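The structure appears right after this line, and notes come after that.
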Amino acid sequence: MRAALIREAGAAPELITDHPEPDGDVVVDITAAPINPVDLSIAAGRFYAGPPNAPYIPGVEGVGRTGDGARLWFETGAGYLGDGSMADRAVVHLERAVELPDGVDDAVAGCLGVAGIAAWVPLANRARVDQGETVLILGATGVVGQIGVQAARLLGAGRVIAAGRDPEKLAAVDADAHVRLPATADELREAGGGGIDVVLDPLWGEHTAAATEAMNANGRLVVLGQSAGAQATLDSGVVRGKALQVHGHANALTPPEVKQAAYRAMCDYAAAGRLTVEHEEIPLDDVAEAWERQAASPHVKLILVP
């Protein structure tokens with residue numbers, strides 16, 4: 001079968017056409033293989049779990065169809081425990097899979113997995129967004145941020161602020177207010193109508209400090225990435241004086257039942273037309289080009305299609 005193959009840590013995937021067929025109890029025909037930043041991080045040996053066990057097929061999640069026609073979204077251990085989804089077929093472990101409801105396109109279903117869970121779970125389960133609260137989404141022009149803006153509103157936020165660096169992309173985000181980064185605490189506070197209750201932060205770095213200064217008392221900050229820097233300096237007086245809660249989030253440490261519940265909720269909203277994700281389908285044969293585009297942060301979900 002065709003498959004993308006990472007031959008060694010630090011290498012980009014190359015398409016091969018004679019990879020052995022997968023061997024397992026449940027094998028699916030792949031219909032959508034999303035490319036995620038974590039796939040590149042694993043392949044480069046930068047992921048916190050360490051260098052991958054190469055050679056391997058990348059793709060930490062996928063959508064596929066079983067022999068009896070069932071459509072599944074599933075997670076894999078690509079790079080560490082077996083192969084991933086960037087191939088014609090893959091093995092699925094049913095305890096790490098969710099059957100898709102009618103009305104959700106396979107490519108959209110692929111968008112809602114890793115990226116969707118990284119947005120939904122921090123807001124719903126970590127920050128626990130309450131009705132009418134003001135929510136700031138940092139990095140709102142990225143895929144996680146785009147989903148986060150919609151998730152905040154679906155979870156009951158009264159005001160949602162989108163913050164990002166690309167003015168054109170930022171203007172296209174359906175939010176109550178838009179702030180171009182970098183921004184001061186005063187700019188963020190003003191966009192929030194006086195203050196911010198919840199911050200979804202995939203950026204870290206200088207943006208986090210400004211966000212905390214703009215937060216209300218008992219505000220909740222959830223950190224899920226460091227695309228703007230690995231270090232952030234927070235004012236102790238701000239954190240203590242406002243009794244802020246700072247939470248970390250990692251999909252890998254989220255209980256399977258929590259991830260699957262979040263995924264099902266997003267699929268239901270997508271089927272109802274209330275949750276959308278900008279995406280682009282790319283032939284599996286063009287995996288090398290798609291990999292390069294992902295490395296450049298395309299602001300759109302790239303989905304490989306065999």
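Whether a residue is at pLDDT below 95 and outside the structural domain of L72 (by TED's automatic domain parsing) was assessed, and G241 does not pass this test. For the subset of the stretch 268-306 comprising residues that are farther than 23 Å from L15 by Cβ and touching a strand residue (DSSP E or B) at 6+ places or on another chain (Cβ under 8 Å), which member is surrounded by the fewest Cβ atoms within 10 Å (Cβ to Cβ)? Step by step, filter the stretch 268-306, then rank; the result is E278. Summed over the stretch 195-227, the residues that are closer than 17 Å to L181 by Cα, charged (D, E, K, R) and either outside the structural domain of D130 (by TED's automatic domain parsing) or surrounded by fewer than 23 Cβ atoms within 10 Å (Cβ to Cβ) (or both) give a count of 2.
Selection of the stretch 83-140 for residues being among the hydrophobic types (A, V, I, L, M, F, W, C), touching a helix residue (DSSP H, G or I) at 6+ places or on another chain (Cβ under 7 Å) and farther than 14 Å from V277 by Cβ yields M86, V98, L100, V121, L123, A124, V129, V135, L136, I137, L138.
Here's the yes/no breakdown for (1) in contact with a Phe, Trp or Tyr (Cβ under 7 Å, 6 or more places away or on another chain); (2) surrounded by fewer than 24 Cβ atoms within 10 Å (Cβ to Cβ); (3) β-branched (V, I, T); (4) more than 28 Å from P58 (Cα to Cα):
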{"residue": "W120", "(1), (2), (3), (4)": "no, no, no, no"}
{"residue": "D130", "(1), (2), (3), (4)": "no, yes, no, yes"}
{"residue": "T134", "(1), (2), (3), (4)": "no, no, yes, yes"}
{"residue": "G139", "(1), (2), (3), (4)": "no, no, no, no"}
{"residue": "V143", "(1), (2), (3), (4)": "no, no, yes, no"}
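How many residues, within the stretch 268-306, are in a helix (DSSP H, G or I) and either free of Cβ contacts under 8 Å to residues at least 24 places away in the same chain or under 24 Å from D88 (Cα atoms) (or both)? Working first, answer last.
First, the residues of the stretch 268-306 that are in a helix (DSSP H, G or I): 268-271, 284-295.
Keeping just the survivors that are either free of Cβ contacts under 8 Å to residues at least 24 places away in the same chain or under 24 Å from D88 (Cα atoms) (or both) gives 284-295.
Summing the residues that are in a helix (DSSP H, G or I) and either free of Cβ contacts under 8 Å to residues at least 24 places away in the same chain or under 24 Å from D88 (Cα atoms) (or both) in the stretch 268-306 gives 12.
Report whether or not D201 is free of Cβ contacts under 8 Å to residues at least 40 places away in the same chain and either under 19 Å from Q245 (Cβ atoms) or not hydrophobic (A, V, I, L, M, F, W, C) (or both).
Numbers: free of Cβ contacts under 8 Å to residues at least 40 places away in the same chain: no; either under 19 Å from Q245 (Cβ atoms) or not hydrophobic (A, V, I, L, M, F, W, C) (or both): yes.
In short, no.
Restricting attention to the stretch 23-59, the residues that are in a helix (DSSP H, G or I) and not acidic (D, E) total 7.
The residue that is surrounded by the fewest Cβ atoms within 10 Å (Cβ to Cβ), among those in the stretch 77-118 that are acidic (D, E) and more than 13 Å from E61 (Cα to Cα), is D102. The helices (runs of 4 or more DSSP H) found wholly in the stretch 122-194 and carrying at least 2 residues that are among the polar types (S, T, N, Q), closer than 22 Å to A262 by Cα and in contact (Cβ under 8 Å) with a residue 24 or more places away in the chain occupy 143-154. Among the conditions (1) in contact with a Pro (Cβ under 8 Å, 6 or more places away or on another chain); (2) within 30 Å of R159 (Cα to Cα), the only one that V129 does not satisfy is (1). Per the listing R7, R2, R65, R71, the residue uniquely free of Cβ contacts under 8 Å to residues at least 60 places away in the same chain and more than 24 Å from L112 (Cα to Cα) is R7. The number of residues in the stretch 229-267 being free of Cβ contacts under 8 Å to residues at least 60 places away in the same chain and part of a loop (DSSP other than H, G, I, E, B) comes to 12.
The values are calculated or read from the model by the stated rules, or taken from the named source; none is laboratory data. Just so it is clear, the model here is predicted, and its values are computed rather than measured. All Cβ positions, glycine included, derive from the backbone under ideal geometry; neighbour counts span all protein chains shown.
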